[in-house]
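In what follows, a single structure is set out as structure tokens and then discussed.
Every number here is computed from the coordinates shown, using simple stated rules; none is lab data. Computed from a predicted model, the values in this text were never measured in an experiment. Because the Cβ atoms are built from the backbone with ideal geometry, glycine has one as well, and the counts that use them run over all protein chains shown.
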Amino acid sequence: MKTTLNYLRALLAVILALIITFTGAIGVVCICLGIFGTAQEQNPTYLVCIPAGIFSGFICVVAIDCLNYFSDKWGWSK
């Protein structure tokens, strides 16, 4: 049973790490597209990407907080 719990903990940590990676990357790309796409093309429709990037960054920060909480709870922190 202990091995199963360790496996599930590691699986949750990997899933959270993937969420952090992808949502952080999507957030940066969306914000850059919103700023530079609008400036370069003179088209304000790219401004829609900025709130999407901020929301994606928020999801990334929440996933980081969850990972920190679980690592403290399970004794994985330094």
The chain: angle of helix 2-41 to the longest principal axis, Cα-based, in degrees nearest 10
10
Gain in length, Y69 to N43, computed as 0.36 nm per residue apart minus the alpha-carbon separation, to one decimal in nm?
5.2 nm
Normalised contact order of the chain, rounded percent, pairs of Cα under 8 Å and 6 or more residues apart
34
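Take each of the peptides 39-47, 22-30, average the number of other beta-carbon atoms within 10 Å over its residues, and list them starting from the highest.
22-30, 39-47
Under the rule of -39500 (n - 2.57) per DSSP H run of 4 or more residues, summed and divided by the residues of the chain, what mean residue ellipticity at 222 nm is obtained, to the nearest 500 deg cm²/dmol?
Helices in the chain give a 222 nm mean residue ellipticity of -30500 deg cm²/dmol.
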Karplus-derived HN-Hα couplings along segment 64-74 (A = 6.51, B = -1.76, C = 1.60, θ = phi - 60°), whole Hz, x at Gly and Pro:
5, 4, 5, 5, 5, 4, 5, 5, 5, 5, 8
